[in-house]
Amino acid sequence: MKSKDIKFLEIRYLRGPNIWTYRPVIEALVDIGELEDFPSNTIPGFHERLIALLPSLIEHRCSYGERGGFLRRVEEGTWAAHMLEHVTLELQNLAGMPGGFGKARETSTRGVYRVVVRAWHEDVTRSCLYAGRDLLLAAIKDQTFDVAGTVERLADMAERKLLGPSTGCIVEAATAKDRRIPAIRLLATGNLVQLGYGARSRRIWTAETDRTSAIAEGISRDKDLTKTLLKSCGVPVPEGRLVDSAEDAWDAAEDIGLPVVVKPSDGNHARGVFTNLMAREEVESAYAAAVVEGSGVIVERYVRGSEHRLLIVGGKLAAAARGETAKVVGDGQSTIDELIDSQINSDPRRGAAEEFPLDIIALADNPVARLEVSRQGFAPDSVPAAGREVLIVRSGNHTDDVTDLVHPETAATASLAARIVGLDIAGVDLVCEDISQPLDGQRGGIVEVNAGPGLLMHLKPETGQPRPVGRAIVDELFPNGDDGRIPVVGVTGSFGKTTVARLIASLLTLSGRHTGLASSDGLFVHRRCIANGDNANWGGAHRLLMNRAVEAAVFENGTDSILSEGLAYDRCQVGVITNVEAARHFGRYHVETPEQVFTVLRTQVDLVLPTGAAVLNASQPMLVEIAPLCDGEVIFFGLDAALPTLVEHLAQGKRAVFVRNERIVLANGANETEIASLKGIPLTNGGRTDYQIENVLAASGAAWALGIGPEIIRTGLQTFTIA
């Protein structure tokens, strides 16, 4: 099998809705060469070798629709391109990207296929595709392949490039079927995400939003200032003060009364926080460690009990978690370090990466844990007696969900603390012995109010139920079912797209909306050109959707752009198809038949929202066939009111736009409104240019679908000219 190979002829990243699916995909043009003559069942031992390399392929259902379906296809005989699709998807799954869409389709060239897989991130999916090819060839040629090392490399790449868990859960909640708020990642890496489009969009960065005040965030970082503000408003906080030396720290401890806590005044993630300190040497040692973690040190009263993290979103309690106490038990042979590794760090939920809910504990890097161990008479290399319990961390990760236990007064106090600091989303840390009781009776208190709190503890608690914190944040950002959408219009077809898009944008502007237009004539915002040249592409549309001044957007979408890039928006209010001349599209991106042209053009109709409309040319049989695929309304247009499609459509009480007696008519069933004479519309050359009349009808139908009234449409048609 040495001569057998799989070659990538071309790889395209379709970063938005496309002919395959609503989601971004990688589309690879793959030449399997001689393997076209060698389906899987003709390669001795291949089935067994593939299973040995990737046993989890058993979960792939494939065309049989049942567990093991894909491997059954392999055993019966299938081709390398189909197997490449499944192997790539499984490598993505093992790297932490579960599920996903996949297809493998022949082209007219023998042995050449289009392999399509869901792309969670372009770089990661490309790497999975290449690794999938190498793994598949190794199985075909009976060669070794390092699956574990490959998956580890891919998982590391995914961790670095994909959204973090906090941002990811918010985006997932926003884009869920019951909200369908669009999401745009504003950077290729990192967690800055825009939810919604244009003027109605909001932005998040992990658990911070565009309403998270910089002043409030600054206050939260200053622990002493936070305590001062909270105390002044009657919120219970532990007594304490800033100190400037180890000696001053001990003086403060004596004034407050032992035990005390020593911590940085502006630290985070509990670094450098020493609790339950009882002796001078402990206080002074803690000061030396805490001072390097921040710009100052606070000594405050030690509050007995467990630490709790209350997540406050928009003034309401969204979730609450209780902190863990980490301990080891001696076996008479292992050191403290070894016991930590075997009894604590062996927990699969612990890791250094953000997606792990629990942290790795290493005494060498954790002065708080070292002090706790030394207070019990041990060093990292000490060997505790068998059965001896050693406390490692008094208060660490918040692992137990206690949301349902929080006393209403305590929840109200935490909410007040967030409002005093000024945070829309806050992680309020409080210490008490019983979270189900008010704080006052147990001398509990709030010790910190944090901006940008981690959400993973609430998504993956050790005990108790996960909480929908992403949904709570989305509901706060977009209340009352708001979907963050502006009117989006997509225009495609074989010709006339540019003119129709420009006319629709002009009508939207005339209606009072600050309108963006991405067309082959340029990129425009409110009639001002901000980029010359062809912008009828993903990049031009993306710029408008990011522009927070844009209140409505019109996009010209050529079939080449749909096939090579995908569309920039997930759904649209109006989708227009001007006309079809199938031969114009043949020979590009492997489009060779009218059926393939149909597949490309239907992409625009597939994206119409249930509350929106498709505006289609009634004289085109292909577009009449596409019409039932629209989730929303269909508005037909045509030059002749007697077109059978128009007659039937109107008989059903639906909307259409047509010409009668040289006048444009908007008809809703039997109700008709004449809006303008063709002779008064410059674009139609006095009613003598049929293709321009169709363009006017298409734009009028789109404007009508957008709720623009007849008077404005009339004025817009009569004043629009092409420069």
(message) How charged is the neighbourhood of Pro17? Take every other residue with its Cβ under 9 Å from the Cβ of Pro17, and add Lys/Arg as +1 and Asp/Glu as -1.
(response) 0
(request) Between Asp251 and Ala214, take the C-beta separation as r, use R0 = 30 Å, and let me know the FRET efficiency to the nearest 0.05. (result) 0.30
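Can you tell me the FRET efficiency between Asn41 and Glu674 if r is taken as the Cβ-Cβ distance and R0 is 56 Å, rounded to the nearest 0.05?
0.25
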(request) Just report the Cα centroid separation between region 196-235 and region 36-96, whole Å. (result) 50
(message) Apply the Karplus curve 6.51 cos²θ - 1.76 cosθ + 1.60, θ = phi - 60°, to the phi angles in region 556-565 and return the couplings in whole Hz, x for Gly and Pro.
(response) 7, 10, x, 5, 4, 5, 4, 6, 9, 10
(message) Can you tell me the orientation of helix 710-719 relative to the chain, as the angle in degrees between its alpha-carbon axis and the longest Cα principal axis, to the nearest 10?
(response) 70
(request) Give me the lysines in straight-line cross-link reach of Lys679: C-alpha distance below 25 Å, same-chain residues under 8 apart excluded. (result) Lys497
(request) State the Cα centre-to-centre distance between region 125-191 and region 363-397 in whole Å. (result) 38
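Assuming R0 = 60 Å, can you tell me the calculated FRET efficiency for the pair Asp341 and Thr599, based on Cβ-Cβ distance, to the nearest 0.05? Kindly include the intermediate steps, with their values, before the conclusion.
On the way: r = 56 Å, r/R0 = 0.93.
Efficiency at R0 = 60 Å is approximately 0.60.
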(request) Enumerate by residue number the GluC sites (Glu not before Pro) in region 191-284 meeting two conditions: DSSP loop (anything except H, G, I, E, B), and at most 16 other Cβ atoms within 10 Å of the site's Cβ. (result) Glu239
(request) Show the residues, 5+ positions off or on another chain, whose built amide H is closer than 5 Å to the amide H of Thr578. (result) Thr492, Gly493, Ser494
(request) Give me the number: length gained by fully extending Leu391 to Arg185, i.e. 0.36 nm times residue separation minus the C-alpha to C-alpha distance, one decimal in nm. (result) 69.8 nm
(message) Suppose each label sits 7 Å from its Cα in the direction of the beta carbon; what would the Asp482-Ala288 distance come out to in nanometres?
(response) 5.4
(request) Quickly estimate the mean residue ellipticity at 222 nm for the chain, helices only: each DSSP H run with n ≥ 4 gives -39500 (n - 2.57), and the total goes over all residues, rounded to 500. (result) -10000 deg cm²/dmol
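Less than 12 Å Cβ to Cβ from Ala199, Lys/Arg counted +1 and Asp/Glu -1: what total charge do the surrounding residues give?
Values: positive: Arg200, Arg202, Arg485, Arg513, Arg548; negative: Glu551.
Local net charge: +4.
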(request) Relative to the longest principal axis of the C-alpha atoms of the chain, give the angle of the C-alpha long axis of helix 122-141, reported between 0 and 90° and rounded to the nearest 10°. (result) 90
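Arrange the peptides 158-164, 120-126 so that the one whose residues have, on average, the most other Cβ atoms within 10 Å appears first.
On the way: 158-164: 17.7, 120-126: 20.4.
So the peptides 158-164, 120-126, ranked by packing, come out 120-126, 158-164.
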(request) Taking all pairs of distinct Cα atoms, average 1/r, flip it, and tell me the Kirkwood hydrodynamic radius of the chain in Å to one decimal place. (result) 29.8
(message) Compute the helix-to-body angle for 408-421: its Cα long axis versus the longest principal axis of the chain, expressed 0 to 90° and rounded to tens.
(response) 80
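Counting only other residues whose beta carbon sits under 12 Å from that of His60, what net charge do I get with K and R as +1, D and E as -1? Intermediate values should be presented prior to the final figure.
Details: positive: Arg61, Arg67, Arg72, Arg73; negative: Glu59, Glu66, Glu85, Glu90.
Surrounding charge for His60 is 0.
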(request) For Lys103, list the lysines whose Cα falls under 20 Å from its own Cα; do not include residues on the same chain fewer than 8 positions away. (result) Lys7
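Region 159-255: percent of C-alpha pairs farther apart than 20 Å?
Details: 2697 of 4656 pairs.
Counting every Cα pair in region 159-255, those more than 20 Å apart make up 58 percent.
Since every read-out is calculated from the coordinates, none of them should be taken as a lab result. Please read all numbers here as calculations on a predicted model, not as lab measurements. Note: ideal-geometry Cβ built from the backbone for every residue, glycine included; neighbour counts use all protein chains shown.
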